[in-house]
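Here's the structure, in structure tokens; my notes come after.
The values are calculated or read from the model by the stated rules, or taken from the named source; none is laboratory data. Only a predicted model underlies this, so the values are computations on that prediction, with no experimental measurement involved. Here the Cβ positions follow ideal geometry from the backbone for every residue, glycine too, while neighbour counts run over all protein chains shown.
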Amino acid sequence: MKKIIFYFIILIFRILTHAQTFEQLLKEGDSFYEKFNNEKALEIYKKAESLQPNNYEVLWRISRAYVDIGEHLPSNTTQQKELQLSTYQKALEYAEKSVKVAPDKSVTYVRRAIANGRIALFKGVFSVAGIVNSVKVDLEKAIQLNNGGNDVQAVAHYVLARTHAKTSEKWKPARSVLGLGWADNQVAIREYKKAIELKPNYVMFYVDYAISLIRENDYNTAKLMLQKALDSPIEDEDDNLRKEEAKRLLKEIEGK
């Protein structure tokens, strides 16, 4: 009996140690992600995956890392383009796994929407209408579930706004034939406002919101949003580029 109790204690100890190691790896990976070192973050997340391959927390993080790596890959040659697309497809693969493991978590649908969104942009939004529609469905599901905290919900509203804004650029009768008639820049504006309400002072939210406002000739509000973008802290690796874009847009609409 004593031996059984002893082995049981050892087993519990190993399980707890295993879990702690997994959590430590997630935190370490997150620290590299926050420093915009996506490759190193991915390496650490992969170690965590080897410990708990069916944990949605590491699966969606791996998907995020692949997306961020893919966004910054060169795409000048055919070989480079193929690598970029395969990177996005890996992101989608992990996002799919995370949805399967945790279908009740908003973040899993957000990550799948983002991975699919990158693939759609790569292939051309209007050549893959089915993918674009799935992006919209996933984001609406994430918003309906309404969990994961303000950051997750803000990203869900922001990506939904971007989806409406980008898709609505095409003449409505033409895209309606493709099943994309739902896209509406006014809906994009509403979703951008919600994203900013949930997560203020995020550069890209303000810049993309301003772009949709400019399309509606609301220059005064657009100017305010662009200035807010310039005043916001750097939180994303592309924020400096988006700030430069904000400066350019301000000059373009000066006097309007």
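For (1) in the same structural domain as Tyr33 (by TED's automatic domain parsing); (2) surrounded by fewer than 21 Cβ atoms within 10 Å (Cβ to Cβ); (3) touching a helix residue (DSSP H, G or I) at 6+ places or on another chain (Cβ under 7 Å), each residue gets a yes or a no:
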{"residue": "Arg162", "(1), (2), (3)": "no, no, yes"}
{"residue": "Thr167", "(1), (2), (3)": "no, no, yes"}
{"residue": "Pro173", "(1), (2), (3)": "no, yes, no"}
{"residue": "Val187", "(1), (2), (3)": "no, yes, yes"}
{"residue": "Arg190", "(1), (2), (3)": "no, yes, no"}
{"residue": "Tyr209", "(1), (2), (3)": "no, no, yes"}
{"residue": "Arg215", "(1), (2), (3)": "no, yes, yes"}
{"residue": "Leu230", "(1), (2), (3)": "no, yes, yes"}
{"residue": "Glu252", "(1), (2), (3)": "no, yes, no"}
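Given the conditions (1) charged (D, E, K, R); (2) farther than 18 Å from Tyr158 by Cβ; (3) modelled with pLDDT of 95 or more, which single one is not true for Lys243?
Every condition holds for Lys243 apart from (2).
Quick one: which helices (runs of 4 or more DSSP H) sit completely within segment 150-256 and have at least 3 residues that are under 19 Å from the mean Cα position of the chain (by Cα)? Write out each step before concluding.
Values: elements: 172-176, 185-198, 203-215, 219-231, 239-252.
Per the criteria, 185-198, 203-215, 239-252.
If the Cβ limit is 9 Å and pairs must be 6+ apart or interchain, which residue in segment 198-226 that is on the phi > 0 side of the Ramachandran plot and in contact (Cβ under 8 Å) with a residue 24 or more places away in the chain pairs with which residue that is buried (at least 16 other Cβ atoms within 10 Å of the Cβ) and outside any helix (DSSP H, G or I)?
From segment 198-226, the pairs are Asn201/Ser232.
Right, Glu43: of a type in the set (Asp, Glu), modelled with pLDDT of 95 or more and either part of a helix (DSSP H, G or I) or in contact with a Gly (Cβ under 7 Å, 6 or more places away or on another chain) (or both) or not?
Values: of a type in the set (Asp, Glu): yes; modelled with pLDDT of 95 or more: yes; either part of a helix (DSSP H, G or I) or in contact with a Gly (Cβ under 7 Å, 6 or more places away or on another chain) (or both): yes.
Yes.
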